[in-house]
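Single-structure report; data block below.
The values are calculated or read from the model by the stated rules, or taken from the named source; none is laboratory data. This structure is a prediction, so every number in the text was calculated from the model and none was measured. Virtual Cβ from ideal backbone geometry, glycine too; neighbours counted across all protein chains shown. Protein only, heavy atoms only, side chains kept; ligands, DNA and RNA dropped before computing areas. Shrake-Rupley method; radii C 1.70, N 1.55, O 1.52, S 1.80 Å.
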Amino acid sequence: MTTQQQPRVQWLGRWGFVLAATGSAVGLGNIWKFPYMTGEHGGGAFVLVYLVCILAVGVPVMMTEIGLGRRGRGSPIDAVRRVVTESGRSPLWSLLGWMAMLAGFMILSFYVVVAGWSFSYLWKMLTGGLSGSGVEDMAAIFVANNENPLNLGFWSTLVTLVTMVIVGKGVQAGIEKSVSWMMPGMVIMLLILIGYGVFSGGFGEAWQFLFSFNTGSLSSEGMLAALGHAFFTLSLASGAILTYGSYLPAGASIARTTFSVAVADTLVALMAGLAIFPVIFANGMSPEGGPGLLFMSLPLAFQAMPLGTLFGVLFFVMLSMAALTSSISMVEATVSWLVDNKGITRRAAAWGTGIVLWLVSTLAMLSFNVGADWTLAGKHFFDWLDYLTSRWMMPLGGLGMVLLAGFVLKSETFREELGLAPHWHALWLFMVRYVSPLGILVIFVDALGIARLQFGLHWPWLLAVLVLITLIGEVASPRLRRTLAG
């Protein structure tokens, strides 16, 4: 443990971490993406597979990242370097930390543009700018919003400024204090919207849609979507969770903390569904609205509701807070590294990072308007940021993390850090060695389109394949450990 360095500050308690990590995980992914993915892939069956994937892939990888962060007590780069040095392994493994930190920054560079949509629509809802007679009118408003670079640039700049103000104040005074009211506030607003949904006339249909587990309604594409979303929704392999883990007090249980975050993240996703789908069903709309569900279908539904403006404002306030809690987490890895390694204050690190972020995000923002013709291999700058991070860097980074934990580091490292009972530690080790890597590889192969994986719900066959992989892995484990250790 001599390679560890204590951070300057830690979370005031385990719940500070839980709220911050849940805020990072929730974001627009759960309130924006999860409902429309559920609608596209058959409702309750998708939800069931998603929950299984959270347990099989998300939880083990999150425990690994938190353990690495707390053991290394630093930014992703410093934490991984210290842990591999402690185990006497190759320093090249610290490249995983660089990849995670860079991925988080690149994601945030286009995320602030998407987050700007939330702030923009909140303003439009307050000022009556979301009036239309059909989805086509709402689509025209959405397009016009993006085609104006001054308008879109203003809102993405505002997201950047607010994020840097919060992060610049520090872990406790900035991040922890902010999420301590934003996360409960988000839940309260969700509960209010669900309460309205109960009396809207569409709640029963929404409940049936979300929780009727008809496996016949789920395709192989839906199963892969559930697996992919389970990995990405928890902010894994982007530096956020690993950095937040570095601030976790030594006495806090990583297992209990991880399950708390996973449960809270999943509950918010389901609550978002229960808040959105009753409104959609009550107004005779389709739940298969795709990405436009929140920015086209819902504003139209709010327009037809009693007190629709009030509930619309509540919804977009909640969406804006969700966007902020995620943007805060994605920039923290970079700020933490600058503070630890460049000898500058946190405030200077935050604003320096913010300037670079603003420049890069402006290029991403211009992809929707004046830079619409600036493409490389058919992709805009915005698309390239999304493609490189979601399809390459995050899957490869997550795979590297679990291989590092499962086969490279000394066994004592995670046995001491996780503090699990022997049988639970054996289960975690099995998951990070075999189940999680297999799941991440499936995400990686499918996302790249190398081969479109097609499979049905033949669980005995899947279990048999997993057992075979485990047996082969255990036989090859000593040689694999030596090869990966370098």
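Could you put ARG89, ARG81, ARG433, ARG73 in order of accessible surface area, largest first, with the 1.4 Å probe and the full protein assembly present?
Working: ARG89 70, ARG81 95, ARG433 40, ARG73 15 Å².
From most exposed to least exposed: ARG81, ARG89, ARG433, ARG73.
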Along the dipole axis of the chain (charges at Cβ: +1 for Lys and Arg, -1 for Asp and Glu; origin at the Cα centre), the most positive-end residue among PHE119, TRP351, PRO395 is TRP351
Projected onto the charge dipole of the range 145-280 (unit charges on the beta-carbon of Lys, Arg, Asp and Glu, signs +1, +1, -1, -1), the Cα from ASN151, PHE277, TYR244 with the largest positive-side position is that of TYR244
Once ALA377 and TRP351 are pulled to full extension, the length gained, defined as 0.36 nm per residue separation minus their Cα-Cα distance, is 6.0 nm
Per the rule of 0.36 nm per residue minus the C-alpha distance, extending ALA304 to HIS423 adds in nm 37.3 nm
Using alpha carbon centers only, the range 293-309 is separated from the range 360-376 by a whole-angstrom value of 30
Rounded to the nearest 10 Å², the 1.4 Å probe accessible area of TRP392 is 100
Placing each pseudo-label 7 Å from Cα in the direction of the beta carbon, LEU359 and ILE188 end up separated by a distance in nanometres of 4.1
Once all protein chains are kept in place, LEU420 shows an accessible area at probe 1.4 Å, nearest 10 Å², of 40
Put THR127, THR413 in order of accessible area, largest first, probe 1.4 Å, and you get THR127, THR413
Using a 1.4 Å probe on heavy atoms of the protein chains only, the accessible area for TYR434 in Å², nearest 10, reads 10
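Where Lys and Arg each count +1 and Asp and Glu each count -1, what net charge lies around VAL402 among other residues with Cβ under 12 Å from its Cβ? Walk me through the intermediate numbers first.
Values: positive: ARG433; negative: GLU65.
Net charge in that neighbourhood comes out at 0.
Run the dipole for the chain about the Cα centre, Lys and Arg Cβ at +1, Asp and Glu Cβ at -1, nothing else charged, and hand back the magnitude in debye, nearest 20. Provide the component values of the computation, followed by the final result.
Numbers: 25 positive and 22 negative charges, 332 e Å.
Using Cβ point charges on Lys, Arg, Asp and Glu, the chain gives about 1600 debye.
Send over a whole-number figure in Å² for the accessible area per residue of the chain, probe 1.4 Å. Show your work: numbers first, answer last.
On the way: 19170 Å² over 486 residues.
Accessible area per residue: 39 Å².
With a 1.4 Å probe and all protein chains kept in place, how do ARG391, ARG82 rank by accessible area, largest first?
Numbers: ARG391 95, ARG82 25 Å².
Order by accessible area, largest first: ARG391, ARG82.
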With the charge dipole of the chain built from beta-carbon charges (+1 for Lys and Arg, -1 for Asp and Glu) about the Cα centre, the Cα from GLY69, ALA255, SER411 projecting farthest to the positive end belongs to SER411
Carbon/sulfur accessible area of the range 325-430, % of total, 1.4 Å probe, equals 67
The size of the Cβ-based charge dipole (Lys, Arg +1; Asp, Glu -1) of the range 130-258 about the Cα centre, to the nearest 20 debye, is 640
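How far, in nm, would the chain grow between SER411 and LEU388 when pulled straight, counting 0.36 nm per residue and subtracting the alpha carbon separation?
Values: separation 23, 0.36 × 23 = 8.28 nm, distance 3.27 nm.
Result: 5.0 nm gained on full extension.
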Using alpha carbon centers only, the range 157-175 is separated from the range 384-402 by a whole-angstrom value of 26
Over 28 Å (Cα to Cα) among LYS177/LYS342; LYS169/LYS342; LYS342/LYS410; LYS124/LYS169 -> LYS342/LYS410; LYS124/LYS169
